[in-house]
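Novice: Mind looking over this structure? Questions follow.
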Amino acid sequence: MSDWLAGPRGELAADRILDGVRSLFRARGLTGVSGIGMAEVAAAAGCSRATLYRYFPNRQALFVAFADREAQRVVARVWRDRGAVADPAAALLDTLVAVLAAVRGTPFLAVWFEPVNAGVVAQLADSSDAVDVLARTFVASYRPDLDEDAARRLGRWLVRSVVSLLTMPAEPDEERELLRAFVIPFLVGARVPA
């Protein structure tokens, strides 16, 4: 463990800890999220518990940081892979479907949305600043007419809609239709949830 803190300490240490969390989720499968303790995370990351607590004061902070990092990675990957945008509504629908597929296709993310982990996900959906910023920025890119507060509210509603579809999946065609009928109008139209 002597080289554990070598290099740029802050980001390197936090990323190494979050990589340890990811490996635990991968190894544990369906029970991975709620059953992981801080001692296991420290062991998986190859650090002491004191070091772990220096960067993440509790499990909630650790899980929020993990969700933040992975949400940013999924959105960046989907955004990078999307094609040319001719019809904004169709492109937005395709992007949301791609986000759902990316999360479901990544085992250490898909485990979060299993019924056994629903309580953890519900807490994270409301406490992740990075996810909030991602959603607000995403909404603002489609709705430049909105002020920051309205974009934030619509972003939070979008996160809840996506989390709902991830935790209670439907057939792909039905999900696409639900997004088209109930989400897309808010993101490209004039409606904003109060």
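Novice: Given the conditions (1) at pLDDT 85 or above; (2) more than 24 Å from Ile36 (Cβ to Cβ), report the number of the one that Asp87 does not fulfil.
Specialist: The number of the failed condition is (1).
Residue-by-condition table, conditions (1) among the basic types (Lys, Arg); (2) in contact with a Gly (Cβ under 7 Å, 6 or more places away or on another chain); (3) free of Cβ contacts under 8 Å to residues at least 24 places away in the same chain:
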position: Arg104; (1), (2), (3): yes, no, no
position: Pro107; (1), (2), (3): no, no, no
position: Trp112; (1), (2), (3): no, no, no
position: Ala125; (1), (2), (3): no, no, no
position: Asp129; (1), (2), (3): no, no, no
position: Asp132; (1), (2), (3): no, yes, no
position: Ala140; (1), (2), (3): no, no, yes
position: Arg143; (1), (2), (3): yes, no, no
position: Glu148; (1), (2), (3): no, no, yes
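Novice: Do any residues in the stretch 156-170 that are free of Cβ contacts under 8 Å to residues at least 40 places away in the same chain have Cβ atoms under 7 Å from those of residues that are in a helix (DSSP H, G or I) and charged (D, E, K, R), where the two are at least six apart or on different chains, and which pairs are they?
Specialist: Arg156/Asp132
Novice: Taking helices (runs of 4 or more DSSP H) that do not extend beyond the stretch 104-194, which have at least 2 residues that are modelled with pLDDT under 90, surrounded by 15 or more Cβ atoms within 10 Å (Cβ to Cβ) and of a type in the set (A, V, I, L, M)?
Specialist: It comes to 107-110, 118-127, 129-142, 148-167, 184-188.
Novice: May I ask you to say which residue of Ser141, Ser164, Ser128 is in contact with a helix residue (DSSP H, G or I) (Cβ under 6 Å, 6 or more places away or on another chain) and not hydrophobic (A, V, I, L, M, F, W, C)?
Specialist: On inspection, the qualifying residue turns out to be Ser128.
Novice: Here's a follow-up. Can you tell me which of Leu5, Leu24, Leu30, Leu12 is closer than 27 Å to Leu100 by Cβ, surrounded by fewer than 16 Cβ atoms within 10 Å (Cβ to Cβ), modelled with pLDDT under 90 and not polar (S, T, N, Q)?
Specialist: Leu30
Novice: Can you find a residue in the stretch 51-68 that is under 21 Å from the mean Cα position of the chain (by Cα), of a type in the set (D, E, K, R), modelled with pLDDT of 90 or more and under 27 Å from Val159 (Cβ atoms)?
Specialist: Checking the stretch 51-68: not a single residue is under 21 Å from the mean Cα position of the chain (by Cα), of a type in the set (D, E, K, R), modelled with pLDDT of 90 or more and under 27 Å from Val159 (Cβ atoms).
Residue-by-condition table, conditions (1) under 20 Å from Asp173 (Cα atoms); (2) out of contact with any Lys or Arg (no Cβ under 8 Å at 6 or more places or on another chain); (3) among the hydroxyl-bearing types (Ser, Thr, Tyr); (4) assigned by TED's automatic domain parsing to the domain that holds Pro169:
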| site | (1), (2), (3), (4) |
| --- | --- |
| Ala90 | yes, yes, no, yes |
| Ala98 | yes, no, no, yes |
| Gly105 | yes, yes, no, yes |
| Asn117 | no, yes, no, yes |
| Val120 | no, yes, no, yes |
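The values are calculated or read from the model by the stated rules, or taken from the named source; none is laboratory data. Computed from a prediction, not measured in an experiment: that's the story for all the values here. Reconstructed Cβ throughout: ideal geometry from the backbone, glycine too, with neighbour counts over all protein chains shown.
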